[in-house]
Every structure is written in C-alpha cells, then in structure tokens.
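> So that we are looking at the same thing, I have put the structure below in structure tokens.
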Amino acid sequence: MEKVLIYTDGACSGNPGPGGWAAILMYKNTKKEISGGSSDTTNNIMELTAVIQGLKMLKFPCEVELYSDSAYVVNAFEQKWIYGWIKKNWKTASGDQVKNKELWQELYSLSQIHTIKFIKVKGHSDNEYNNRCDELAREEIQKR
C-alpha cells in the first residue's frame, strides 16, 4: 500500500462566521496544496472538511499519516469515539445527536477505504506544514 502524508487545518473568524480549510498532501516527491472555505461555518466544520477533502484527493487506497491540530478530529478516531457514535445511531454518550453527523459519516466512509493513522500536532507552533495549512485556511477566510 502506498504511503501518503496529509496535513490539515481549519480556521474560522468568529464561530460561526467565515471559515477556511486547507490540506497539504505529500506522496513520494510530490507535494500538493488544496484549500477552500465557506462564508458561514464553524471551526469544527472547517477542520473536518480539510480532512475529508484531503482524503478525497487520493485515487486509490493508501496508508495515510494524517496530521491535524484538531483534538476534535484526532480523538474521534484515536480514542474511538466515532465507533460509539455509530453503535448509538450517531448519538453521543449523553444521548445528544452528534454534531456535524453528515461530515463524520463521510469521513468514516473514507476511513474504510484508507488505513489512516491520525496524529495530533500542536497548533501554531514550529510545524512547518501545519503552519502552512493555517496560512492557507486564513487566506480563504479573507476571500469570504
């Protein structure tokens, strides 16, 4: 299985408010940057969208190291929250509907295609690719 690195970030000005997302994909000697945004969104939606859009760029099943500064995204998989939500028909431990259910369902579907290791990185620190994603996401906010 081919190995791909993906860095993602989402940003929002106000929450809700205008937002942006970005992903950097690295495969062999190739690096690709993608980004987008929305005029009325939330930070969590942008974080999820960045991951989904990054994974959607992959043309075949891959072994993915996915780097995100979003504990929301990383913990859902690494702490296995998402499997509990699925068992409970997309309800949280407290019985509430999972927020952003459609995005989580899409991300879960993509996680069935690829072998993904979610890795939490510290936001706004010295990680060059996380910082670049943040820069791209913030540029998208300015376009809204």
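> For segment 86-101, indicate whether the set of residues that are touching a helix residue (DSSP H, G or I) at 6+ places or on another chain (Cβ under 6 Å) and farther than 23 Å from residue 12 by Cα is non-empty.
yes
> List pairs: first residue in segment 62-78 and surrounded by fewer than 15 Cβ atoms within 10 Å (Cβ to Cβ), second residue in a helix (DSSP H, G or I) anywhere in the structure, Cβ distance under 9 angstrom, at least six positions apart or on different chains.
Pairs that qualify, where the first residue is surrounded by fewer than 15 Cβ atoms within 10 Å (Cβ to Cβ) and the partner is in a helix (DSSP H, G or I), are 75/81.
> Here's something else I'd like to know. Residue 30 versus (1) touching a strand residue (DSSP E or B) at 6+ places or on another chain (Cβ under 9 Å); (2) closer than 16 Å to residue 132 by Cβ: which is the lone unmet condition?
Of the numbered conditions (1) touching a strand residue (DSSP E or B) at 6+ places or on another chain (Cβ under 9 Å); (2) closer than 16 Å to residue 132 by Cβ, the odd one out for residue 30 is (1).
> Follow-up. Hey, among the residues in segment 102-134 that are of a type in the set (Asp, Glu) and either in contact (Cβ under 8 Å) with a residue 60 or more places away in the chain or in contact with a helix residue (DSSP H, G or I) (Cβ under 8 Å, 6 or more places away or on another chain) (or both), which one's surrounded by the most Cβ atoms within 10 Å (Cβ to Cβ)?
134
Yes or no, residue by residue, for (1) closer than 26 Å to residue 132 by Cα; (2) in contact with a strand residue (DSSP E or B) (Cβ under 8 Å, 6 or more places away or on another chain); (3) acidic (Asp, Glu); (4) at pLDDT 95 or above:
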{"site": "47", "(1), (2), (3), (4)": "yes, yes, yes, yes"}
{"site": "52", "(1), (2), (3), (4)": "yes, no, no, yes"}
{"site": "60", "(1), (2), (3), (4)": "yes, yes, no, yes"}
{"site": "63", "(1), (2), (3), (4)": "yes, yes, yes, yes"}
{"site": "68", "(1), (2), (3), (4)": "yes, yes, no, yes"}
{"site": "82", "(1), (2), (3), (4)": "no, no, no, yes"}
{"site": "85", "(1), (2), (3), (4)": "no, yes, no, yes"}
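> Let me ask another. How many residues does segment 1-56 hold that are in a strand (DSSP E or B) and either within 15 Å of residue 69 (Cα to Cα) or under 11 Å from the mean Cα position of the chain (by Cα) (or both)?
Residues meeting the conditions: 13.
> Out of 99, 117, 122, which single residue is more than 13 Å from residue 76 (Cα to Cα), of a type in the set (Lys, Arg) and either within 17 Å of the chain's Cα centre (by Cα) or in a helix (DSSP H, G or I) (or both)?
That would be 122, the only listed residue that is more than 13 Å from residue 76 (Cα to Cα), of a type in the set (Lys, Arg) and either within 17 Å of the chain's Cα centre (by Cα) or in a helix (DSSP H, G or I) (or both).
The values are calculated or read from the model by the stated rules, or taken from the named source; none is laboratory data. Owing to the predicted nature of the structure, the values given are computational and were not obtained by experimental measurement. Quick reminder, even Gly has a Cβ in these numbers, built from the backbone with ideal geometry, and neighbours come from all protein chains shown.
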